[in-house]
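One structure is given below, encoded as structure tokens.
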Amino acid sequence: MGGGGHRPIMTLAMRDVTDTYPVVWALNGGAPITGTLEIAGEDIRLAGHAQDGTGATCRIAAAEVFHVSDSGAETDRVNGRRAVVVDERGGRRILIASQAGGEHLNELAVLLQDAAGLAGRPLTRVVVRVPVDPAQVERVRELVRRGPPYDLTQVPGLERHEVYVTDRDVMFVFEGADPGFALERVMRDARVWSALERWDDYVAGQPSVLEPDYTWSRRP
């Protein structure tokens, strides 16, 4: 089909080279834009108008996208609609909701993941080891059980996070499509650095990233 017509979200099997979908989108928490999403080659293009009639466009290069998620968070809604969140490596965050309704949100997420080349990407893992004073292990456990000083659902690229405390070490496990980049984003958060000050009396050495000596997975 041509790029000029609008149609409801449909299955990937029915997509052509260029597809256009009616959406409502917002860039970096800005005003909602009612318009279209077009997927053409390596580009994801958004266009439309704000409520005051101001026109807006946004081009998303597929190579820059590292995380696409169907977010249920209230802060990730556009005009009250649940949205798909697209995170770019450069830090931009785009919310995209279907004008056709929330029942199409999962299809929209799959569509964007496929366009960005994320569909089927295996999860990988980063493990950070922090040596601690054996005499302070119980205090360390208390800190860990309080949870992180940030909302894990807002960390793009992170799908799973676990922390293990032994009698000499704390193991922080980050798992996702790009956990290394997710970890970098976490470490830019001022709340994290403030929280790390509480660990000063317990850490007994330099943190290190562990590499596996052996690994096996049933998944590709």
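Going from the residue with the fewest nearby Cβ atoms within 10 Å to the one with the most, 214, 164 rank 214, 164. Cα gyration tensor of the stretch 11-93, axes a ≥ b ≥ c as square roots of the eigenvalues: rounded (a/c below 1.5), prolate (a/b > b/c) or oblate? Because its axes are fairly even, with a/c under 1.5, the stretch 11-93 counts as rounded.
Under the convention that each Lys and Arg Cβ holds +1 and each Asp and Glu Cβ holds -1, the size of the dipole of the stretch 136-220 around its Cα centre is about 240 debye. Centroid-to-centroid, using Cα positions, the stretch 17-73 and the stretch 156-174 are 34 Å apart.
For the pair residue 50 and residue 153 in one chain, pulling the backbone fully straight at 0.36 nm per residue adds 34.3 nm over the alpha carbon distance. Legend: ranking of residues 199, 193, 216 from fewest to most surrounding C-beta atoms inside 10 Å; resulting order 216, 193, 199. With θ taken as phi - 60° and the Karplus curve 6.51 cos²θ - 1.76 cosθ + 1.60 applied, the whole-hertz 3J(HN,Hα) list for the stretch 37-44 is 10, 10, 10, 9, x, 8, 10, 10 Hz, x standing for glycine and proline. Out of residues 5 or more away from residue 40 or on other chains, whose amide H comes under 5 Å of its own, with H placed 1.01 Å from N in the peptide plane? Under 5 Å from the amide H of residue 40 lie the amide H atoms of 45, each far enough along the sequence or on another chain. Amide H to amide H distances under 5 Å link residue 99 with 23, 24, where only residues 5 or more positions off or on other chains count and H is placed in the peptide plane. Averaging the sequence gap over all C-alpha pairs within less than 8 Å and six or more residues apart, then dividing by the number of residues, gives the chain a relative contact order of 16 percent. Taking a label point 7 Å from the Cα of residue 136 along the Cα→Cβ vector, which residues of the stretch 175-204 have an amide N closer than 14 Å to it? Correct set: 195-204.
Close amide H contacts of residue 159 (hydrogens built in the peptide plane, cut-off under 5 Å, sequence separation of 5 or more or a different chain): 175, 176, 177. Projecting the Cα atoms of 98, 165, 37 onto the dipole axis of the chain, where Lys and Arg carry +1 and Asp and Glu carry -1 at the beta carbon, places 98 farthest toward the positive end. When 169, 43, 200 are arranged by Cβ crowding within 10 Å, least crowded first, meaning fewest neighbours, the order is 200, 43, 169.
Per-residue Karplus couplings for the stretch 157-168, computed as 6.51 cos²θ - 1.76 cosθ + 1.60 with θ equal to phi - 60°, are listed in order as x, 9, 10, 8, 9, 9, 10, 10, 10, 9, 6, 9 Hz, Gly and Pro entered as x. Using θ = phi - 60° in the Karplus curve 6.51 cos²θ - 1.76 cosθ + 1.60, the 3J(HN,Hα) couplings for the stretch 189-201 round to 6, 4, 5, 5, 5, 5, 5, 5, 4, 6, 8, 3, 7 Hz; x is entered for Gly and Pro.
Read the figures in this text as sums done on the coordinates, not as results from a lab. Quick caveat: nothing in here was measured; it's all calculated off a predicted structure. Virtual Cβ from ideal backbone geometry, glycine too; neighbours counted across all protein chains shown.
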